[in-house]
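The structure appears right after this line, and notes come after that.
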Amino acid sequence: MHADDGARVAPDGEVLKLDTLQRDLLCAQIREFLAAAPDSPGREAFVALNDAVEKMEVPPELAPRLDAIVELLLSSGRARQMYGPAAELALTALFQKTSRGKTIAASIHELNGALAKLKGQPLEEISAALRKPGVYSLTINAGGYRIAIRFAPEGAGVESVEVGLG
C-alpha cells in the first residue's frame, strides 16, 4: 500500500494508518478540544492521540478516542459544514476502518442478508415506529415474511423475523 491509499487498517489490534487529509482534519479538531479543556483529566490521552495522528499512525490503545472524534465530526455534520464534502468522505472512509465502523458494517451486512429473502416477493405492508428517542423500527410484510428492522445509533439490525404468514 502507498501512503496516499486513504484510511486503512491492518488486522485488529494493529496500527490504523491515516492519509494527509484525515491527519489535517483530526489534528485541527483535537487541538480545539485540548484548547477548550486545558485541565481535563483525560488530557494526556488526547495529547497522545494528537501526536499519533500527526504521525498518521494511531495505535490500538488510542483507537477508541479516535473513533469517538470521527463519529462526532460526522454525526454532527461538523466535518461537512466546516471543511466540505471531501472532508466528510475522508472521515467516512476512516470511520469504516474503526472498530465502531466495522461493527455497524457487520450489522448492515446481516440486515441485507435478511432483506434478501424479500426479493421478488409482493409487498403487503410496511410501517415505521419509534421505539425510543433515536431508535426506530421498520416492519415489512412480504411474501409470507414479517421482518422488523431496528435502527439505532449502534447500527441497524434485524429485530425479529416471522415466517409462514398469510
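Within the stretch 86-98, does at least one residue satisfy the condition of being charged (D, E, K, R), within 27 Å of Leu34 (Cα to Cα), modelled with pLDDT under 95 and crowded, with 18+ Cβ neighbours inside 10 Å? Looking through the stretch 86-98, at least one residue is charged (D, E, K, R), within 27 Å of Leu34 (Cα to Cα), modelled with pLDDT under 95 and crowded, with 18+ Cβ neighbours inside 10 Å.
For the stretch 132-147, a residue qualifies if it is surrounded by 13 or more Cβ atoms within 10 Å (Cβ to Cβ) and farther than 11 Å from Leu165 by Cβ, and the qualifying residues are Val135, Tyr136, Ser137, Leu138, Thr139, Ile140. Of the numbered conditions (1) of a type outside the set (Val, Ile, Thr); (2) touching a helix residue (DSSP H, G or I) at 6+ places or on another chain (Cβ under 7 Å); (3) under 19 Å from Ile104 (Cβ atoms), Pro64 fails exactly one; give the number of that condition. Unmet condition: (2).
The residues of the stretch 25-67 that are under 20 Å from the mean Cα position of the chain (by Cα) and without any contact (Cβ under 8 Å) to a residue 12 or more places away in the chain amount to a single one, Glu61.
Go through the stretch 141-158 and give me each residue that's closer than 22 Å to Gly120 by Cα and out of contact with any helix residue (DSSP H, G or I) (no Cβ under 8 Å at 6 or more places or on another chain). Those that are closer than 22 Å to Gly120 by Cα and out of contact with any helix residue (DSSP H, G or I) (no Cβ under 8 Å at 6 or more places or on another chain): Asn141, Ala142, Gly143, Gly144, Tyr145, Arg146, Ala148. Name every residue in the stretch 19-49 that is loosely packed, with under 14 Cβ neighbours inside 10 Å and among the β-branched types (Val, Ile, Thr), in order of residue number. Thr20, Val47, listed by residue number.
Are any residues in the stretch 125-153 over 16 Å from Glu110 (Cβ atoms) and charged (D, E, K, R), and if so, which ones? Please lay out each step first, then the result.
To start, the set of residues in the stretch 125-153 that are over 16 Å from Glu110 (Cβ atoms) comprises 125-136, 139, 141-144, 146, 153.
Scanning the stretch 125-153 gives Glu125, Arg131, Lys132, Arg146.
Among the residues of the stretch 8-18, which ones are in contact with a strand residue (DSSP E or B) (Cβ under 7 Å, 6 or more places away or on another chain), at pLDDT below 85 and either buried (at least 19 other Cβ atoms within 10 Å of the Cβ) or assigned to a loop (DSSP other than H, G, I, E, B) (or both)? Once the filter is applied, which keeps residues that are in contact with a strand residue (DSSP E or B) (Cβ under 7 Å, 6 or more places away or on another chain), at pLDDT below 85 and either buried (at least 19 other Cβ atoms within 10 Å of the Cβ) or assigned to a loop (DSSP other than H, G, I, E, B) (or both), the stretch 8-18 yields only Val9.
The values are calculated or read from the model by the stated rules, or taken from the named source; none is laboratory data. Note that the coordinates shown come from a computational prediction; the quantities given were computed from them, not determined experimentally. Methodologically, a virtual Cβ is constructed for each residue, glycine included, from the backbone with ideal geometry; neighbour enumeration extends over all protein chains shown.
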